[in-house]
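Have a look at the structure below before the remarks.
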Amino acid sequence: MKKIVILLLSVAAVAGCKNRNKATETIEVVSEVVAPADTLNVQDSLNYEGTYKGTLPCADCSGIETTITIDKNGNFTRTMKYMGKGDNNEFKDSGTFQWDSTGTIIQFQNVEDPGMYLVGKDRLIALDMDGNIITGELAEYYVLPKQN
């Protein structure tokens, strides 16, 4: 009887450790995407300049293929191709961007949309109209990975 109880307790302990590791992994992944703005000044600490590319969600098309290039001089170029909308659905803009006071968010100047992005390690995260991180089922699709 003692052996069975010890065996059951050992199995429960191992299973509990596996669940804790999974929770820790989840927290680490989430924190990579939505690091608090006041914990890191990206402008001063990361190599953020480069080209970022991905497909953003679209309400009336199959996606917006987006390429953004930013440099250390505060310049950007952006190409957005609305997929599945026929010809002449590629739009380009360029100009300058400004950092927010925390040094983590850039905002494109003189563009029609808000053009706000959270700058992370090797990624840009498109923000909503109010500058908030987009959450929900499609959240992962608002991340533009840095290209090598």
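Per-structure values
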read-out	value
Sparse-neighbour loop sites [GluC sites (Glu not before Pro); segment 40-114; at most 14 other C-beta within 10 Å; DSSP]	49, 112
Trypsin sites (Lys or Arg not before Pro) restricted to segment 49-148 and DSSP loop, no more than 16 other C-beta within 10 Å	72, 85, 121
Where Cα atoms sit under 23 Å apart: lysine pairs in segment 37-145 separated by 8 or more or lying on different chains	8
Virtual spin-label span in nm between residue 90 and residue 62, 7 Å along Cα→Cβ	1.7 nm
For segment 100-109, 3J(HN,Hα) per residue [Karplus equation, 6.51 cos²θ - 1.76 cosθ + 1.60, θ = phi - 60°, Hz, x = Gly/Pro]	6, 5, 8, x, 10, 10, 10, 10, 5, 8
Cβ-based exposure ranking for 83, 129, 116, in which fewest neighbours within 10 Å come first	129, 83, 116
For segment 128-140, Karplus couplings with θ = phi - 60° (6.51, -1.76, 1.60), whole Hz, Gly/Pro x	6, 4, 9, x, 9, 5, 7, 10, x, 4, 8, 3, 5
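Read the figures in this text as sums done on the coordinates, not as results from a lab. The shown structure was predicted, so the numbers you read here are calculated from the model rather than taken from an experiment. Every residue, glycine as well, gets a Cβ built from its backbone with ideal geometry; the counts of neighbours run over all protein chains shown.
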